[in-house]
Amino acid sequence: MKYRKFEFRLNDGAALFAREWRPEHDVKGVVCLVHGMGEHSGRYAHLALALTQAGYALMSYDQRGHGKSLGQRGHTSSYETLLDDIECFKQECLNHFPKIPFFLYGHSLGGNLVLNYCLRRQPKFQGVIVTSPWLRLTIEPSARVRLLASLMNKVWPTFSLPSGIDVYALSHDLSILDTYNLDPLVHDRISVRMFTTVDQAGFWAVENAAQFDLPLLLMHGGNDRITSSDASSKFAAQIKKDCTLKIWPGLYHELHNEPEKTEIIAYLINWLDSLTIEAKNSQ
């Protein structure tokens, strides 16, 4: 496996930190990954190892206000800015790997962004992978909290609070939790602008799911206490084309970090292989 770090420029001139993992030999496909709230791209190195062994490159970046990228922790000036960043990263990935199958992958917050990006921007990908998307939270904020957040979003959008993510709801693997707690690049902040816009986008995505027109692998842990697996099921049920919904009974939020991760990642790679072969046969 070959690994490198780099930065790429955005529409507003800012730069984001990014990583690339690629196989030693031929690359049969590229996965572009958008990470979750409060984390960073470096937490997917073990997924990169499995993907590169299967012949796929993995590219990911630290979102604004996350990891090694600059910006207020857990804040965005607008939701559209986050979608623009995905577009810029897609172009960066295409520059690195032209003319091979491309896949977009989003986890949690990244899942919310990826689904909305595909619905609103209608990009071309061989397929899309989404795990544990933030479409709805498992424990929904009250109407009063949402109203207060909406008001604060208008007068003080950068105001931030602890995100309230329950670390023990991420994975059954205690070593993962220990590493997460000690990771200096992980943070627990979220601004009212970030919460309000992502929360609204989750509801919008479910309402407009029938317009999704790319092959989709949507996976969720059945016992996810952070984001709602029911919302994922509702989203998938409205898709008229190629959608594979996989609910993993008893598992938590970070499927790729559960003790069963070998089986889960193998399932993901098999799905990638099926579309990669299809793309090759259609040439």
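The values are calculated or read from the model by the stated rules, or taken from the named source; none is laboratory data. Computed from a predicted structure; not experimentally measured. Because the Cβ atoms are built from the backbone with ideal geometry, glycine has one as well, and the counts that use them run over all protein chains shown.
The table that follows gives values for the structure above.
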| quantity | calculated |
| --- | --- |
| Close pairs (8 angstrom Cβ cut-off, 6 or more residues apart or separate chains): under 18 Å from residue 252 (Cβ atoms) in segment 102-120, in a helix (DSSP H, G or I) and polar (S, T, N, Q) anywhere | 106/112 |
| Complete set of residues in segment 257-283 that are farther than 28 Å from residue 99 by Cα and either at pLDDT below 95 or of a type outside the set (Val, Ile, Thr) (or both) | 257, 258, 259, 260, 261, 263 |
| Search result, residues across segment 262-271 that are out of contact with any helix residue (DSSP H, G or I) (no Cβ under 8 Å at 6 or more places or on another chain) and buried (at least 19 other Cβ atoms within 10 Å of the Cβ) | 268, 271 |
| Failed condition for residue 168, given (1) in contact with a Leu (Cβ under 7 Å, 6 or more places away or on another chain); (2) more than 17 Å from residue 107 (Cα to Cα); (3) in a loop (DSSP other than H, G, I, E, B) | (3) |
| Members of segment 28-51 found to be buried (at least 21 other Cβ atoms within 10 Å of the Cβ) and either in contact with a Lys or Arg (Cβ under 9 Å, 6 or more places away or on another chain) or assigned to a loop (DSSP other than H, G, I, E, B) (or both), listed by number | 30, 32, 35, 36, 37, 38, 39, 40, 41, 44, 47, 48 |
| Sole exception among (1) among the aliphatic types (A, V, I, L, M); (2) in contact (Cβ under 8 Å) with a residue 40 or more places away in the chain; (3) surrounded by fewer than 19 Cβ atoms within 10 Å (Cβ to Cβ) for residue 231, by number | (3) |
| Selected residue [in a helix (DSSP H, G or I) and hydrophobic (A, V, I, L, M, F, W, C)] from 135, 185, 147 | 147 |
| Yes/no for residue 75 being at pLDDT 95 or above, of a type outside the set (Gly, Ala, Ser), more than 16 Å from the chain's Cα centre (by Cα) and crowded, with 18+ Cβ neighbours inside 10 Å | yes |
| Subset of segment 115-132 [assigned to a strand (DSSP E or B) and under 19 Å from residue 233 (Cβ atoms)] | 128, 129, 130, 131 |
| In segment 151-166, the residues that are within 11 Å of residue 194 (Cβ to Cβ) and of a type in the set (Lys, Arg) | none |
| Given (1) assigned to a helix (DSSP H, G or I); (2) in contact (Cβ under 8 Å) with a residue 60 or more places away in the chain; (3) within 22 Å of residue 272 (Cβ to Cβ), number of the condition residue 20 does not satisfy | (1) |
| Pick from segment 235-261, criterion assigned to a helix (DSSP H, G or I) and without any contact (Cβ under 8 Å) to a residue 40 or more places away in the chain, ranking: surrounded by the fewest Cβ atoms within 10 Å (Cβ to Cβ) | 237 |
